[in-house]
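The values are calculated or read from the model by the stated rules, or taken from the named source; none is laboratory data. For clarity, every value in this text was computed on a predicted model and none was experimentally measured. Note that each Cβ is placed from the backbone with ideal geometry, even for glycine, and that neighbours are counted across all protein chains shown. Remember, those area values only see protein heavy atoms, side chains included, never the ligands or the DNA or RNA. Shrake-Rupley method; radii C 1.70, N 1.55, O 1.52, S 1.80 Å.
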Amino acid sequence: LFRSDFIIMNPPFHDKPLKARQDLFKSLMRQYEDRIPIIVERSPNSNLPMINKRNYLVPNTMTIASFRKIIKERLQISSSQSLHLYAGKKPLYCGDTIMSVLYNQEKDPNDGFLYIRYFEENVFGKNA
């Protein structure tokens, strides 16, 4: 499949109606109250592939570094590339921060999900 096919098959989560997102959030929290609901989306300027799994329920105590490792493995990016994550406009550099702290600061006030965007940067100085 071409990249444009992935875009059609995997539209941004915000394209779903707000009520549907709110209902999904409430259902997830009833079942998994000790988890953080995260939606991962590729940054529009990224050359990385679309991630094949966007919805995550992670433990409250997971660190940002552990979550970044999961995403990097899912994307299968090379060791010469650095994966950058953002929640809202906030870059996620502090890897030892636990996800519950990030969630409380950055969750979407309308639907309750934490939205994280990813993009790449070559760690050896070349532009990605």
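Check L102, L114, L83 and return the single one that is more than 24 Å from L28 (Cβ to Cβ), open to solvent by less than 60 Å² (accessible area, probe 1.4 Å), hydrophobic (A, V, I, L, M, F, W, C) and touching a helix residue (DSSP H, G or I) at 6+ places or on another chain (Cβ under 7 Å).
Answer to the selection: L83.
In the stretch 86-99, which residues are over 19 Å from I51 (Cα atoms), open to solvent by 30 Å² or more (accessible area, probe 1.4 Å) and in contact with a helix residue (DSSP H, G or I) (Cβ under 9 Å, 6 or more places away or on another chain)?
Matches in the stretch 86-99: K90, Y93, C94, D96, T97, I98.
Which of the residues spanning the stretch 24-56 are touching a Phe, Trp or Tyr at 6+ places or on another chain (Cβ under 7 Å) and open to solvent by 60 Å² or more (accessible area, probe 1.4 Å)?
The answer is N45, and nothing else.
Please verify whether K19 is under 13 Å from G112 (Cβ atoms) and open to solvent by 50 Å² or more (accessible area, probe 1.4 Å), treating the condition exactly as stated.
yes
The conditions are (1) at pLDDT 90 or above; (2) polar (S, T, N, Q); (3) assigned to a loop (DSSP other than H, G, I, E, B), and S66 fails exactly one of them. Which is it?
Every listed condition holds for S66 apart from (3).
Would you check if E120 is in contact (Cβ under 8 Å) with a residue 12 or more places away in the chain and open to solvent by 30 Å² or more (accessible area, probe 1.4 Å)?
no
Can you tell me which residue is farthest from Q76 (Cα to Cα) among those in the stretch 16-49 that are under 14 Å from the mean Cα position of the chain (by Cα) and not in a strand (DSSP E or B)?
Per the criteria, the residue is P44.
Which members of the stretch 66-77 meet the condition of being over 11 Å from L48 (Cα atoms) and open to solvent by 30 Å² or more (accessible area, probe 1.4 Å)?
S66, R68, K69, I70, E73, R74
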